[in-house]
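Starting off with a structure, shown below.
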Amino acid sequence: MYQTKHIPIRSCIGCGVKGPQKDFVKIVRSKHNSVSIKLNNINDKSEGRSVYICRSFDCWTEAKKKGKIDRNIKANLSEKDMLIISEYMANYR
């Protein structure tokens with residue numbers, strides 16, 4: 001018998017929907033307090049605190065409005081980072 005490969009399941013901090021890791025955008029804060037955005041995180045092994053957001057503009061605005069991203073990664077996103085993510089998420093309206 002063949003075993004199916006394990007697929008990591010993550011949940012969106014904006015809406016709470018659970019799904020495969022590849023369906024989310026990952027925001028990572030490293031131990032040196034630098035923030036990076038991983039758009040295709042299938043084989044990503046980034047160290048540090050991270051959050052996952054659906055590829056949906058509504059989830060992004062909900063998480064941003066309630067401060068869920070900053071709270072969960074325990075750091076503040078810069079305006080530049082917010083702008084980059086907002087421009088990317090605007091494609092998914």
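Taking only C-alpha pairs under 8 Å that are 6+ residues apart, what is the relative contact order of the chain in percent?
27 percent
Relative to the longest principal Cα axis of the chain, at what angle does helix 57-66 sit, 0 to 90 degrees, rounded to 10?
The answer is roughly 60 degrees.
Sort the following peptides by mean Cβ neighbour count (other Cβ atoms within 10 Å, averaged over residues), highest first: 67-77, 28-38, 3-13.
67-77, 28-38, 3-13
Here's something else I'd like to know. Considering only DSSP beta bridges where both residues belong to the chain, give the percentage that are antiparallel (nearest 5).
100 percent
Continuing with the same structure: Starting from the Kirkwood Rh over alpha-carbon pairs, what translational D in µm² s⁻¹ does the chain have by Stokes-Einstein at 20 °C and 1.002 mPa s?
Approximately 157 µm²/s, per Stokes-Einstein.
Now a separate question. Count the lysine pairs in the stretch 15-93 that are 8 or more places apart or on different chains: how many have C-alpha atoms under 15 angstrom apart?
Taking the stretch 15-93 as the scope, the lysine pair count is 13.
Would you mind getting me the FRET efficiency between K22 and Y2? Use the beta-carbon distance for r and R0 = 30 Å, nearest 0.05.
E(calc), rounded to 0.05, equals 0.90.
Could I ask something else about it? Computing the accessible area with a 1.4 Å probe over protein heavy atoms, can you report the carbon and sulfur percentage for the stretch 4-85?
In the stretch 4-85, the share of accessible area belonging to carbon and sulfur is 50 percent.
Taking the chain as the reference, fit the longest principal axis to its C-alpha atoms, fit the long axis of helix 79-89 to the helix C-alpha atoms, and give the angle between the two in degrees, 0 to 90, nearest 10.
50 degrees
The values are calculated or read from the model by the stated rules, or taken from the named source; none is laboratory data. Note that the structure is predicted; figures quoted are calculated from it, not measured. As a convention, Cβ positions derive from the backbone with ideal geometry for all residues, glycine included, and neighbour counts pool all protein chains shown. Areas reflect the complete protein model, heavy atoms only, side chains present, ligands, DNA and RNA absent. Shrake-Rupley method; radii C 1.70, N 1.55, O 1.52, S 1.80 Å.
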